[in-house]
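These notes are about the structure you will find just below.
Rule-based calculations on the coordinates, nothing more; no lab input. In this text the structure is predicted, and so the values were computed from the model without any measurement. Heads up, the Cβs are rebuilt from the backbone with ideal geometry, glycines too, and the neighbour counts pull from every protein chain shown.
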Amino acid sequence: MRFLCDEMLVRLARLLRAAGYDTYLASGGEADAALLHLAREEGRMVLTRDKRLAAASPDSVLIEGLGVEQEALSLSDAVPIGWDADPFSRCVMDNARLREASAPEVARMPTSVRTGEGPFRACPACGRLYWPGSHVRRMNARLAAIAQTRLGA
C-alpha cells in the first residue's frame, strides 16, 4: 500500500513511514486536484481529514480522531495495516528508502552509537542518519501498541 497524506496529517505520515509505508506528505497549499492526480498516477490511497477531498476520490480514507494514535486507529479501522510492515526502512522526513550507512557516515554518529550494534542507515536524499537508539525503541513500542489495540478491538 502507498499513501498520500494531506497537510493536516504530518504526524500520521511520519508514523506510516516509520512502519515502512511509502507515504507522500502534501505540502502546504497544494491544490486538491493536484493531490488527486498524483494519487491516481502513483496508485496512492488518499488519507485526509477533509470531507470534500475524501469524497472526491474513491480510494480515500477520511481520518478521524485527535492525536497520531487516534489517527492511526482510524486508518486501521478502514484498511488493514501492518504496523510492523518494514519498520525503519524509510526516512520519516522525506520518505526516501534508507540505505546502509557508509563508514564515513557511521563515523559521524555519536561514539556511544558507533560501538553498538546496527543497523546503521542513511537517507540518500537528505543525509539524515539512523541507528537503533531510544527513539527507535519508543517508536517500536508505539507501533506495537497501535497494532495490539487493533487486535483487541
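Suppose R0 equals 41 Å. What FRET efficiency, 1/(1 + (r/R0)^6) with r the Cβ-Cβ distance, do D84 and H37 give to the nearest 0.05? Here the calculated transfer efficiency is 0.80.
Placing a pseudo-label 7 Å from each Cα along the Cα-to-Cβ vector at S102 and T115 gives an inter-label distance of 2.7 nm.
Only helical runs count toward this figure. For the chain, summing -39,500 (n - 2.57) over DSSP H runs of n ≥ 4 and dividing by all residues gives -12000 deg cm²/dmol at 222 nm.
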